[in-house]
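Here's the structure we're looking at; comments come further down.
The values are calculated or read from the model by the stated rules, or taken from the named source; none is laboratory data. Only a predicted model underlies this, so the values are computations on that prediction, with no experimental measurement involved. Here the Cβ positions follow ideal geometry from the backbone for every residue, glycine too, while neighbour counts run over all protein chains shown.
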């Protein structure tokens, strides 16, 4: 009985080599790369497309695919003889931003791409490509916040409303230009990249154990999940194993992160609909989960807990007992608050049919995380590609297909219940074993790591040299996928006053995108 | 709607008594790292420097004669030094860690040839602008926050300031959407090159007198991103800073302390190399 990946590769005439049970690698020529990936994407999902450039070597393109019913991943790569390749975008719309990124960061031209333009480097010199190791002279860049974004629509009665990059309240920096005919949002032009810190470039040449601290700062509120994906990529590359106790601790902390994020998300939705008591109640829940995280790991955002091959911290029986008591309290309060929210018409009516992403559209862009699951995409790497201790716990993947803000609220609320359920099971069967304290044995290689962050799947690909230094780190956090569809969600028949609801319902990180 | 009101009333008061009284055990969170020089031999000092993933611990020289520089403003609380040398590096659980001078976050130890320099004086002299601002803002203060390239950890903690546990409004502190109404510019993040100009424009749009607070290791020292190709910061290279709040991210209570410190309503308690303080 062949695995689905093997079957598909055979059909496509691709020779695959397996790296462990979970990653199949194939190489093909540049001339057939586009056709192979397009054909594969008919039955598999393109989850990432990235480039690797190094001086003195031919650039490499790598596509990461998920094949239906196979817990493994398929990586197809090709060497480019020059600095151009045939764009996938005309056949495969979801490749659009990946290809724009490849051009911007690496200077590799996707020939035939219909909509090239900067993603992160707005007013930068032409032909400057940060991932090629080029450095700009210091000093401020020519920048004008008011003229840089050009509206993509115009006409009689259409006016523009700029928002950002410095926005109201303590929020992340991003720029939105609303085109409106009065009340309705006709179009949103968004500009991200204000927070571009070149995190992947900074990692190059550093020991993987130090890059963990960079990965933790990729995005504050999905610190643990992104770092877990990165750490697993390193561990899979060098063949390190993790003890069951540490696997349990990783799973527990990942779910704790989901808890505080989802409490925060519902709190922001309540804020957008003016329910101040609900804001306070969910704010308290979030703060309590953060405090629990601080107590368990020494850091409210769970930083410094992961290391290659295990965990830096031990969850003592006393900690676990206390967490169990808190869990009961949180689930009870969350259930009550959820009931109250569902009975509050001013809340539900604002969310109903707001910013609808239909399932067809969601599939076309392969949306990830709760946003995708609210538009009928039944995917969750915790279930489809089990890691850490997820194969030893029972949980459901809540999916609805309405695709509006209310559906996103329902999915987040249901995921909260599942997270609480997972943590309860973990605490019930904690494997208190001795942990081997072997330092990692470094070897050259590359591998993919993954984790389900609060916002969706985080994929991290890493290439190491024989001393454990990072040669290339590719981070594909969930926000990179979901921002692509944000403007469309805003424009689909919504009013300007819906905007806070839309942004809150997406619960999407700017830092994750900007990197 | 009445049910929400009932729910709110039934919950009762959950707000911290900070800063009027100390912080309770529940509110304590690792806020910064403090160094006890006595707990560290020269060899260990050199080893500690090699552990640090940022520029928070830097050493030069040999075991016979050398120097160790500790900068709590660059510390991201990764826990490497506190795990390896718990006798020398400890996590401070008291969130009152904000300081008015960048130097108060630094400490230098010399061995062999030199001696440890005398600790800096504890009282920082407030500038004329600060005094004027403190007098004007003593009852009510409006804060304009700018994310100049953070990971969103700091924003998450700033949002928690409005939650019932910290509740900054009771202290007369408010976030304002417009810089025209703002008295304090609260900056988080490394200041990326893309954010440098929007940050300046925001600062210039604020009326005089105005205060600037650097919150978090990134704003203070660029933290993990120091020397990065897209980094224009740290903040005090671009603007004059009135208070520094260390942490990665700084806890809500630490940010409150930073705001009150800039206003002259709180005093400094933290020193990078202070002996254990007298408690809460």
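Brief remarks on what is shown
- Residue within the stretch B:54-63 that is touching a residue at least 12 places away in the same chain (Cβ under 8 Å), buried (at least 24 other Cβ atoms within 10 Å of the Cβ) and either in a loop (DSSP other than H, G, I, E, B) or within 11 Å of another protein chain (Cβ to nearest Cβ) (or both) present: yes
- Filter result for residue B:253 (crowded, with 24+ Cβ neighbours inside 10 Å and within 26 Å of residue B:135 (Cβ to Cβ)): yes
- Number of positions in the stretch A:461-506 that are closer than 17 Å to residue A:163 by Cα and not in a helix (DSSP H, G or I): 2
- Scan of the stretch B:1-53 for residues that are more than 12 Å from chain A (Cβ to nearest Cβ) and under 30 Å from residue A:335 (Cα atoms), ordered by number: B:17
- Unmet criterion (only one of (1) within 19 Å of residue B:244 (Cα to Cα); (2) without any contact (Cβ under 8 Å) to a residue 60 or more places away in the chain; (3) buried (at least 24 other Cβ atoms within 10 Å of the Cβ)) for residue B:153: (2)
- Looking only at residues in the stretch A:182-197 that are within 14 Å of chain B (Cβ to nearest Cβ) and surrounded by 22 or more Cβ atoms within 10 Å (Cβ to Cβ), the one that is nearest to residue A:237 (Cα to Cα) is A:197.
- Any chance residue A:468 is within 19 Å of residue A:411 (Cβ to Cβ) and buried (at least 20 other Cβ atoms within 10 Å of the Cβ): no
Condition check ((1) assigned to a loop (DSSP other than H, G, I, E, B); (2) touching a strand residue (DSSP E or B) at 6+ places or on another chain (Cβ under 7 Å); (3) at positive phi) across all residues:
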| position | (1), (2), (3) |
| --- | --- |
| A:334 | no, no, no |
| A:356 | yes, no, no |
| A:362 | no, no, no |
| A:372 | no, yes, no |
| A:382 | no, yes, no |
| A:388 | yes, no, yes |
| A:395 | yes, no, no |
| A:434 | yes, no, no |
| A:438 | yes, no, no |
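- The criterion of at least 1 residues that are farther than 20 Å from residue A:168 by Cβ and at pLDDT 90 or above is met, among strands (runs of 3 or more DSSP E) falling completely within the stretch B:157-258, by B:211-215, B:243-245.
- Comparison of B:172, B:233, B:228, B:189 shows that the only residue that is within 11 Å of chain A (Cβ to nearest Cβ) and on the phi > 0 side of the Ramachandran plot is B:189.
- Some residue of the stretch A:119-138 being at pLDDT 80 or above, away from chain B (no Cβ under 14 Å) and in contact with a helix residue (DSSP H, G or I) (Cβ under 7 Å, 6 or more places away or on another chain): no
- Flag if residue A:179 is touching a strand residue (DSSP E or B) at 6+ places or on another chain (Cβ under 7 Å), closer than 27 Å to residue A:502 by Cα and buried (at least 20 other Cβ atoms within 10 Å of the Cβ): yes
- Matching option when the condition is touching a helix residue (DSSP H, G or I) at 6+ places or on another chain (Cβ under 6 Å), away from chain B (no Cβ under 12 Å), crowded, with 21+ Cβ neighbours inside 10 Å and at pLDDT 90 or above, among A:302, A:269: A:269
- Selection status of residue A:262, under 23 Å from residue A:408 (Cα atoms), away from chain B (no Cβ under 11 Å) and outside any loop (DSSP other than H, G, I, E, B): yes
- Checked against (1) more than 8 Å from chain A (Cβ to nearest Cβ); (2) out of contact with any helix residue (DSSP H, G or I) (no Cβ under 6 Å at 6 or more places or on another chain); (3) part of a helix (DSSP H, G or I); (4) under 25 Å from residue B:16 (Cβ atoms), residue B:139 meets all criteria but (3).
- Among the residues of the stretch A:473-504, the ones that are more than 25 Å from residue A:178 (Cβ to Cβ) and either at pLDDT below 90 or out of contact with any helix residue (DSSP H, G or I) (no Cβ under 8 Å at 6 or more places or on another chain) (or both) come to 1 in all.
- Residue match in the stretch A:223-233 (condition: under 26 Å from residue A:507 (Cβ atoms), out of contact with any strand residue (DSSP E or B) (no Cβ under 9 Å at 6 or more places or on another chain) and either surrounded by fewer than 22 Cβ atoms within 10 Å (Cβ to Cβ) or in contact (Cβ under 8 Å) with a residue 12 or more places away in the chain (or both)): yes
- Qualifying residue in the stretch A:206-218 (condition: within 9 Å of chain B (Cβ to nearest Cβ), buried (at least 24 other Cβ atoms within 10 Å of the Cβ) and modelled with pLDDT under 90): no
- Among the residues of the stretch A:421-448, those identified as surrounded by fewer than 20 Cβ atoms within 10 Å (Cβ to Cβ) and over 18 Å from residue A:309 (Cβ atoms) are A:421, A:424, A:425, A:427, A:428, A:429, A:430, A:432.
- Per-region count, the stretch A:272-290, residues outside any helix (DSSP H, G or I) and either within 9 Å of chain B (Cβ to nearest Cβ) or in contact with a strand residue (DSSP E or B) (Cβ under 8 Å, 6 or more places away or on another chain) (or both): 1
- Any hit, the stretch B:101-113, residues being touching a helix residue (DSSP H, G or I) at 6+ places or on another chain (Cβ under 6 Å) and surrounded by fewer than 19 Cβ atoms within 10 Å (Cβ to Cβ): no
- Against the numbered list (1) more than 14 Å from chain B (Cβ to nearest Cβ); (2) under 23 Å from residue A:431 (Cα atoms), residue A:237 comes up short only at (2).
Matching residues to (1) in contact (Cβ under 8 Å) with a residue 40 or more places away in the chain; (2) in contact with a helix residue (DSSP H, G or I) (Cβ under 6 Å, 6 or more places away or on another chain); (3) outside any loop (DSSP other than H, G, I, E, B):
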position	(1), (2), (3)
A:48	yes, no, yes
A:56	no, no, no
A:63	no, yes, yes
A:66	yes, no, yes
A:71	yes, no, no
A:76	yes, no, yes
A:81	yes, no, no
A:88	yes, yes, no
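- Failed criterion for residue B:170 (all others in (1) within 25 Å of residue A:288 (Cα to Cα); (2) in contact with a helix residue (DSSP H, G or I) (Cβ under 8 Å, 6 or more places away or on another chain) hold): (2)
- Residues in the stretch B:64-97 that are within 17 Å of the chain's Cα centre (by Cα) and assigned to a loop (DSSP other than H, G, I, E, B): B:72, B:73, B:74, B:75, B:76, B:77, B:78, B:93, B:94, B:95, B:96, B:97.
- Within the option set A:367, A:315, being buried (at least 23 other Cβ atoms within 10 Å of the Cβ) and part of a loop (DSSP other than H, G, I, E, B) holds for one residue only, A:367.
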